[in-house]
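What follows draws every value from the coordinates through simple rules; no lab data is involved. On a predicted model such as this, the values are computed, not experimentally measured, just so you know. Here Cβ is always computed from backbone atoms with ideal geometry, including for glycine, and neighbour counts include all displayed protein chains.
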Amino acid sequence: MRTRMILPAMALLMVTACSRSPETVSFAPSEDALYVTREGVITSAVIETYENEYYTEEELKASVEEALADFNRPAGSCTADEAPSREAAIFNSCSLADGTASLYIDFKNPAAYLEFMEAYPDEESSVQVKALDVTTVSDGITKGYLTGETFKTTSSSQKEVDASEVMKQSKLYVAAIEGPALIQTEGPIQYVSADVTVLGSTLIQTPETGMVYVVFK
């Protein structure tokens, strides 16, 4: 197994299949990926293969939970008893089976995910997000998103759409992303900016460089 020091208490950060709400598909990536909800909750998924099991599932869970407790501890506190956890990152699940190790970690918002990855960078991962935000299209316009961009629909023909048309969709959500990542959205994707590769109704690949936008239900 490759050694990826994402957390000091473990040599791997990975993901298993995870069922979401009834109207959404399950999140079961076969490689490193992110899952993005309408509320901005981010699930980080990293997949690792291994030859020898260095942990049992129980040991892996304990190691991850201990590291997350340190991450969630408020700045300036030395012990968990000094202040309540901010719960920025929460253990979801993990497994070790058939040569694949997997783990879900949920982040309460994009800022928490970016903070975690700054603290525990993983240079070997195919997910290298430098900036990430999830909001409504209306709030996105206020933040300066979408303006001047060229969009395309996610249909097989991928028709080009002007940003002004996308900006009318106030009930939709927009994810603003900088950096390469395989990303699955909670709801069906309606529009993507020009450099985004559409892989499925809720799945896209972002490019190596530049800020891109994904508009979804």
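Numbers below:
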{"read-out": "Charge tally in the Cβ shell below 10 Å around I90, where Lys, Arg are +1 and Asp, Glu are -1, I90 excluded", "value": "-2"}
{"read-out": "Computed FRET value (nearest 0.05) for S126 with K168, which takes r as the C-beta separation and R₀ as 41 Å", "value": "0.75"}
{"read-out": "Inter-site label distance for T153 and D195 at 7 Å from Cα along Cβ, in nm", "value": "2.6"}
{"read-out": "E58-E208 FRET efficiency (beta carbon distance; Förster radius 45 Å; 0.05 resolution)", "value": "0.70"}
{"read-out": "The stretch 128-217, dipole about Cα centre (Lys/Arg Cβ +1, Asp/Glu Cβ -1), debye to the nearest 20", "value": "220"}
{"read-out": "Relative pair counts by distance (%), Cα atoms of the stretch 72-217, 10 Å bins", "value": "10, 34, 31, 18, 6, 1"}
{"read-out": "Neighbourhood net charge (9 Å Cβ-Cβ; Lys/Arg +1, Asp/Glu -1) for L182", "value": "-2"}
{"read-out": "Environment charge at M117 (Cβ cut-off 11 Å; Lys +1, Arg +1, Asp -1, Glu -1)", "value": "-3"}
{"read-out": "Sorted by Cβ neighbour density within 10 Å, fewest at the top, the residues Y35, Y120", "value": "Y120, Y35"}
{"read-out": "Too-long pairs where the Cα-Cα distance tops 18 Å, listed order kept, from K108/K168; K143/K171; K171/K217; K108/K217", "value": "K108/K168; K108/K217"}
{"read-out": "Whole-Hz couplings from phi, Karplus 6.51/-1.76/1.60, listed for the stretch 190-196; x for Gly and Pro", "value": "9, 9, 9, 6, 4, 8, 8"}
{"read-out": "Cβ-based exposure ranking for T202, T100, T185, T150, in which fewest neighbours within 10 Å come first", "value": "T150, T100, T202, T185"}
{"read-out": "Length gained when the stretch E160-D70 is fully extended (0.36 nm per residue, less Cα-Cα span)", "value": "27.8 nm"}
{"read-out": "Karplus (6.51, -1.76, 1.60) ³J(HN,Hα), θ = phi - 60°, over the stretch 171-183, in Hz, Gly and Pro reported as x", "value": "8, 8, 10, 10, 9, 9, 9, 10, x, x, 6, 8, 10"}
